[in-house]
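Here the structure comes first, spelled out in structure tokens, and everything after it is commentary.
All of the numbers you see were taken from the coordinates with simple rules; none came from a lab. Predicted, not measured: the structure shown is a model, and the values here were computed from it. Because the Cβ atoms are built from the backbone with ideal geometry, glycine has one as well, and the counts that use them run over all protein chains shown.
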Amino acid sequence: MEEDTYTTGQAARILKVTDRGVRKMIDRGELEANQDERGRHLIPQRAVHAMLEERRAGVGENSTEETSRSAEEARELRERVEGLQRELGRLEGRLELTERTESTMREERERLEQLLGEERAERRRLQEQLDAERSRGFWQRLFGG
């Protein structure tokens, strides 16, 4: 007869710890588990409920161990949050630099487009002048007539 089991995520929710905390308990031999064909830990429900009862009883050594584990998990979570905050700061800095660069490039593009428009107008003016000169006869150009 197969025994009912929990996944590490389900056991973590019941025991009010992280998935990583459950895996550490398994690694330390504090929580019984078997692995399925995909390598996932399956924890017997009776083992999870027994640990939950031990925690509720809060007797002597287990209480100290649980407090120690909780403190360790809290420290790990704090370190993770601090790492994520640092990463967020870096990403915000990169975003600000990107926005500045885009703004500068947009201004430069507008300046160049204006310059191009002025150059085109000057080219048209010179082309019209050249066309006008070409339409005058050779002798008119030579003698200014």
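Results, tabulated for the structure shown:
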read-out: Hits in region 46-58 - residues which are exposed (fewer than 15 other Cβ atoms within 10 Å of the Cβ), more than 17 Å from residue 71 (Cα to Cα) and touching a helix residue (DSSP H, G or I) at 6+ places or on another chain (Cβ under 9 Å); value: 49, 52, 57
read-out: Unmet criterion (only one of (1) more than 20 Å from residue 4 (Cα to Cα); (2) outside any helix (DSSP H, G or I); (3) small (Gly, Ala, Ser)) for residue 39; value: (1)
read-out: Inter-residue pairs, beta-carbon under 8 Å, first surrounded by fewer than 15 Cβ atoms within 10 Å (Cβ to Cβ) and in region 1-23, second among the acidic types (Asp, Glu), 6+ apart; value: 9/19; 20/73; 20/76
read-out: Number of the condition not met by residue 50 [criteria: (1) in a helix (DSSP H, G or I); (2) within 36 Å of the chain's Cα centre (by Cα)]; value: (2)
read-out: Pick from region 11-57, criterion in contact with a strand residue (DSSP E or B) (Cβ under 8 Å, 6 or more places away or on another chain) and of a type outside the set (A, V, I, L, M), ranking: farthest from residue 74 (Cα to Cα); value: 36
